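The values are calculated or read from the model by the stated rules, or taken from the named source; none is laboratory data. The model shown is predicted, which means the values in this text are computed figures rather than measured ones. Neighbour counts are summed over all protein chains in view; Cβ atoms, including those assigned to glycine, are modelled from backbone coordinates with ideal geometry. To get the accessible areas, we keep the full protein, side chains included, count just its heavy atoms, and leave off ligands, DNA and RNA. Shrake-Rupley method; radii C 1.70, N 1.55, O 1.52, S 1.80 Å.
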Amino acid sequence: MSSSHGNRRLSARVLAAYGLPGLPLAALQFPLFIHLPAYYAQDLGLGLTAVGAVLLIARLWDVVTDPLIGLLSDRTPGRFGRRKPWLLLGTPLLLLAAWQLLVPDPAVGWGHLLVWTLAIYLAGTLITLPYQAWGAELSPDYNERSRISSAREVFVVVGTLLAAGLPALFGSTAEESLKLIALGLFVTLPLAILACLVFVPDAAVRWRSALTWRQGLQALRDNAPFRRLIAAYLLNGIANGLPATLFVLFVTRYLQLPQDPWVGILLFTYFFCGIAAVPAWLWLSYRFGKHRVWAGAMIWACLVFASVPLLGPGDVWWFFAICVLTGVSLGADLVLPASMQADVVDQDTLQTGERRAGLYFALWGMVTKLALALAVGLAFPLLDLAGFRDQAASQDALARFALAGLYALVPIAFKIPAIALIARFQITAAEQLRLRRLIERQAQTS
């Protein structure tokens, strides 16, 4: 396998063009996870059990398609590059499936939801996995990879904020909000994909696989930085998933604030601070190394979360400050792990002689979904066990403590081992430069 990569600093135009698809993709993810289940279960009358079963089947479908698409995109030949054809293939399917799901006929049944949920998850995989792997391959430089991941993740957060805010301004019902997002997707996704395809380079690769399946799996197991990073990524993902899952309950039941407008205001503050903090985290990572700075950001989040159980009903401004401070740490979570993932792929490339970024990002995608599933699976049963009742006017002391503990203290318990793992991460700037030189020497002799 051989390819050509530039070692220069990417221009702002290339970074913006690469990051732009993250906006419509994130804007679609928000209603899929937040609005769609309740809309089909309640408004369309399918029921919680049927909708839950369909979404579970769709997630199991992801377990099959993620590694398959990752492997296939790694092995795509051709003069247009390995990643671009997949974005072209997935875009029309994503648009069609999004329209069918977000603007359904009122008489649809669970079969409609199943077919088009499977289709939209497949289309999302066709686009997202090659797109993320492409970002890892845009530069071999340790620090430049952080700029690339920050360009993508900033657009992702902006897309999430737009999906959360615009329907509230222009759509009065769930049906109108979903239709508005679908129409916006039909405009923004093709334009974003087109800009990415035109302005972002995707080096053509001549594929020559020398690995058997067993050797490929063995290389994954032998990649010690990968094992350390993916374990920390899973633990931190669960830690971040718990407060995300319980945010609305914490605001409305623990702090006893009205959902409108406080949930929207506090979420916007959290994500805005995450975006605003990205340049500072990038500067710190250039100076001290990505793994040390990410560990520091997780320590920062733990210290802030430790104060949450001290809050009481009505403490909105103290919680506003907590959203600001934890939002700042979010900026590191957005950009540094993704950049470190690209460095881990270098270790695999040196060992195998192949560029398998698609496979690695498929595995990270599966871990992301697993972390969110585990967060939900932990939060609600434990709340129920503690006697928490969502519809009750007030909660007893044990239920309130359980909610505060699951929102803030249990995440700390998951972040502490993640910090310990990542503080000893093996690929520093100097080590990554050594890997890169060895890979270049390997490519010249192959």
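Residues of region 340-349 include at least one that is closer than 18 Å to Arg221 by Cα, crowded, with 21+ Cβ neighbours inside 10 Å and touching a His at 6+ places or on another chain (Cβ under 8 Å).
Checking the structure you have, find out if any residue of region 417-424 is open to solvent by 50 Å² or more (accessible area, probe 1.4 Å), closer than 26 Å to Tyr286 by Cα and in contact with a His (Cβ under 9 Å, 6 or more places away or on another chain). Yes - at least one qualifying residue is present in region 417-424.
Looking only at residues of region 304-317 that are part of a helix (DSSP H, G or I) and out of contact with any Ser or Thr (no Cβ under 8 Å at 6 or more places or on another chain), we find that the one that is most open to solvent (accessible area, probe 1.4 Å) is Trp317.
In region 281-298, the residue that is nearest to Phe425 (Cα to Cα) out of those that are among the small types (Gly, Ala, Ser) and in a helix (DSSP H, G or I) is Ala295.
Yes/no matrix, rows are residues, columns are (1) in a helix (DSSP H, G or I); (2) of a type outside the set (S, T, N, Q); (3) at pLDDT below 90; (4) within 26 Å of the chain's Cα centre (by Cα):
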site	(1), (2), (3), (4)
Thr326	yes, no, no, yes
Gly365	yes, yes, yes, yes
Val376	yes, yes, yes, yes
Ala392	no, yes, yes, no
Tyr407	yes, yes, no, yes
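I want to confirm something. Restricting to region 352-363 and keeping residues that are among the aliphatic types (A, V, I, L, M) and either part of a loop (DSSP other than H, G, I, E, B) or open to solvent by less than 20 Å² (accessible area, probe 1.4 Å) (or both), which single residue is farthest from Ile57 (Cα to Cα)? Across region 352-363, the extreme among qualifying residues is Ala357. Summed over region 114-146, the residues that are outside any loop (DSSP other than H, G, I, E, B) and either within 30 Å of Val278 (Cβ to Cβ) or in contact with a strand residue (DSSP E or B) (Cβ under 6 Å, 6 or more places away or on another chain) (or both) give a count of 20. For Ala301, the requirement of being part of a helix (DSSP H, G or I), under 20 Å from Leu403 (Cβ atoms) and free of Cβ contacts under 8 Å to residues at least 24 places away in the same chain is not met.
Figure legend. Inter-residue proximity from region 252-278: first residues under 17 Å from Glu153 (Cβ atoms), second residues part of a helix (DSSP H, G or I) and among the polar types (S, T, N, Q), beta-carbon distance below 8 Å, spacing 6+ or different chains. Indicated pairs: Tyr270/Thr326; Phe271/Thr160; Ala277/Ser329; Val278/Ser150. Scanning region 378-390 for residues that are modelled with pLDDT of 80 or more and within 17 Å of Gly52 (Cα to Cα), we see that the one that is surrounded by the most Cβ atoms within 10 Å (Cβ to Cβ) is Ala379.
Only one entry of Ala163, Ala192, Ala182, Ala203 meets the criterion of being closer than 24 Å to Ala97 by Cα, out of contact with any strand residue (DSSP E or B) (no Cβ under 7 Å at 6 or more places or on another chain) and either modelled with pLDDT under 90 or not in a helix (DSSP H, G or I) (or both), and that entry is Ala163.
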